[in-house]
Amino acid sequence: MTNNLTALPFPVRAAATAASAVLLLGACAPGDTAEPVAGDESPPPTPVSGEPDELTVVDRSLVPGLEEESSTEGDGIDVDVAYPVVPGAAPLTEFLGDATARELDDFRAANPGAVSFAMGWELTAAGGDVVGVRFTQDEEDSEGPRTGYSTYWYDGASGYTAHSTELLAGQAELDRLNEAVKDELDGRDGVDGASVHPILGLYDSIGFNPAGDLVVEFDAGSVAPVSEDRVVAVVPSDEADPLLSDLGRRAKAAATVVTPDFALPATPASPAPATPAPGPESAVPGVLTPRGDSVDCSSPDSKCVALTFDDGPGARTGELLDMLAGKDARATFFVTGEPVREHPLLVRRAYAEGHEIANHTVRHPDLTTLSAEGVDAELRTVNALIRRETGYTPDLMRPPYGATDDTVAEVSAEHGMAEILWSVDTNDWRDRDSGVVSKRALDAVQPGSIVLMHDIHSTTVDAVPSILEGLDERGYTMVTVGQLLGDTEPGTSYSAGPPVTESPETSVG
Ligand code: NI
């Protein structure tokens with residue numbers, strides 16, 4: 001982060017220098033040093049040993065009664081999944097059982113060529129009332145083998161299991177960490193800095209090295225080619241400490257000293273809150289909610305419009321994102337399976353830039369022709385692909401061609417998703433003429449409209465600047481569907497937001 005100082009004009013630079021001084025003070029403040037949290041009679045702490053670019057590894061023999069659950073149930077692929085059972089941490093055990101099962105389900109759903117899947121674990125912290133569990137995930141599919149990492153943090157004081165990003169005080173702190181990480185990775189072999197975003201899907205393995213520096217590790221293939229394997233960024237403690245949450249500070253203490261005969265308090269001091277799933281309602285840093293609170297479309301004074309782009313991402317979706325960013329406009333992308341596999345970084349970028357990612361099925365079938373199982377497979381796979389890329393689970397889907405029935409509604413509801421149709425159809429798939437597409441959108445739009453377009457067509461991307469310009473001139477705010485509708489009911493169908501509630505035209509979704 002300090003690299004940026006040289007580029008700043010003098011007054012800002014002076015302020016930044018003052019801020020650095022505060023950071024240094026912060027690093028020396030009481031409570032930030034690696035002391036055991038409990039017990040005045042404890043012997044002097046023994047620092048843990050280990051590599052500076054690795055998360056701490058806790059010797060399992062330091063945790064009496066530590067056991068392991070494992071499963072090899074593969075249903076056609078080789079599976080070997082294990083997770084720890086820490087005495088006194090029943091909520092953690094339950095969480096890890098669910099989390100490992102979901103990783104396996106998502107891998108299977110996202111990879112038709114799945115060959116094998118293994119998850120092994122280490123404890124990366126066991127001290128005070130905090131336990132850190134780091135997983136190494138070895139996957140193999142038709143593309144070859146790949147290794148990923150994820151780390152969860154258990155707070156024995158509350159019975160809460162936290163995602164890695166919850167070591168940070170909030171989204172602003174994760175944003176600052178992301179900048180520090182990009183500085184660390186700058187010039188590293190194969191690393192694409194533009195692919196590094198402050199989202200849970202990337203920042204799902206954060207911990208500390210034995211010296212107390214923050215360690216962020218990225219899965220093979222996530223920010224550099226798979227051939228570069230694991231990519232790790234070590235952020236020095238004086239830079240990282242001011243970004244930590246209370247749990248983060250306790251986690252750091254637990255990861256940097258040896259705690260002999262580690263034991264959690266028998267019962268949490270306070271009742272365990274439910275661990276939020278990484279979804280639109282959670283406040284986990286790196287889980288960006290498409291609802292947001294920056295705009296209230298339910299207000300009678302608001303003029304909201306939701307631009308939606310289906311069937312992508314496409315070759316020019318990156319340009320489209322540039323156009324939207326230039327107008328501070330939000331949109332919703334109803335993505336399909338193959339395009340997501342082809343352009344995963346565009347999905348990640350769109351999500352990180354505040355757009356909504358929603359489910360438009362894998363193969364774009366008429367869902368009313370499928371069985372419930374067939375509909376389920378279509379929706380499940382795209383949700384898995386999106387979740388593996390972003391950490392976000394969509395709660396909106398759009399049935400291809402707008403074709404829906406009770407079965408589609410029921411299966412969508414099972415996945416927690418509302419069905420989103422449209423009130424303005426640009427017919428851009430038929431008329432490959434950007435002037436026509438733009439005119440159609442602008443002529444029909446009203447406050448609350450959901451506008452249907454397809455970002456796989458070059459003529460549509462070319463129409464976007466004049467659409468944005470025209471909407472801007474008319475005082476519209478371009479929002480996500482989630483922002484337009486607010487809370488939606490799973491399984492319910494919506495074609496416009498307030499104040500419009502007209503039925504959709506019959507057309508091609
Ligand atoms: Ni479509």
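Considering segment 446-465 alone, what residues qualify as being under 32 Å from the mean Cα position of the chain (by Cα) and surrounded by fewer than 21 Cβ atoms within 10 Å (Cβ to Cβ)? Answer for segment 446-465, where residues must be under 32 Å from the mean Cα position of the chain (by Cα) and surrounded by fewer than 21 Cβ atoms within 10 Å (Cβ to Cβ): 456, 458, 459, 462, 465. The residues in segment 321-335 that are crowded, with 24+ Cβ neighbours inside 10 Å and not in a strand (DSSP E or B) can be counted, and the count is 2.
Look at segment 356-368: where a residue is at pLDDT 95 or above and a partner is in a strand (DSSP E or B) and of a type in the set (Ser, Thr, Tyr), sitting 6+ places away or on another chain with Cβ atoms under 9 Å, you get 356/308; 356/332; 357/332; 358/308; 358/332.
Of the set (1) at pLDDT below 95; (2) within 12 Å of the ligand (Cβ to nearest atom), all apply to residue 397 but (1).
In the set (1) crowded, with 21+ Cβ neighbours inside 10 Å; (2) in contact (Cβ under 8 Å) with a residue 40 or more places away in the chain; (3) not β-branched (Val, Ile, Thr), residue 104 fails one condition alone, (2).
Looking across segment 128-175, the residues that are at positive phi and surrounded by 21 or more Cβ atoms within 10 Å (Cβ to Cβ) come down to 128, 159.
A quick yes/no check of all residues on (1) part of a loop (DSSP other than H, G, I, E, B); (2) more than 25 Å from the chain's Cα centre (by Cα); (3) within 16 Å of the ligand (Cβ to nearest atom):
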position: 350; (1), (2), (3): no, no, no
position: 373; (1), (2), (3): no, yes, no
position: 392; (1), (2), (3): yes, no, no
position: 401; (1), (2), (3): no, yes, yes
position: 407; (1), (2), (3): no, yes, no
position: 410; (1), (2), (3): no, yes, no
position: 416; (1), (2), (3): yes, no, no
position: 427; (1), (2), (3): yes, yes, yes
position: 436; (1), (2), (3): no, yes, no
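State whether one or more residues within segment 494-509 are more than 16 Å from the ligand (Cβ to nearest atom), among the aliphatic types (A, V, I, L, M) and in a helix (DSSP H, G or I). No: segment 494-509 contains no residue that is more than 16 Å from the ligand (Cβ to nearest atom), among the aliphatic types (A, V, I, L, M) and in a helix (DSSP H, G or I).
The values are calculated or read from the model by the stated rules, or taken from the named source; none is laboratory data. Quick caveat, the model's predicted, so the values are computed rather than measured. Positions of Cβ are generated from backbone atoms using ideal geometry, with glycine treated the same way; all protein chains shown enter the neighbour counts.
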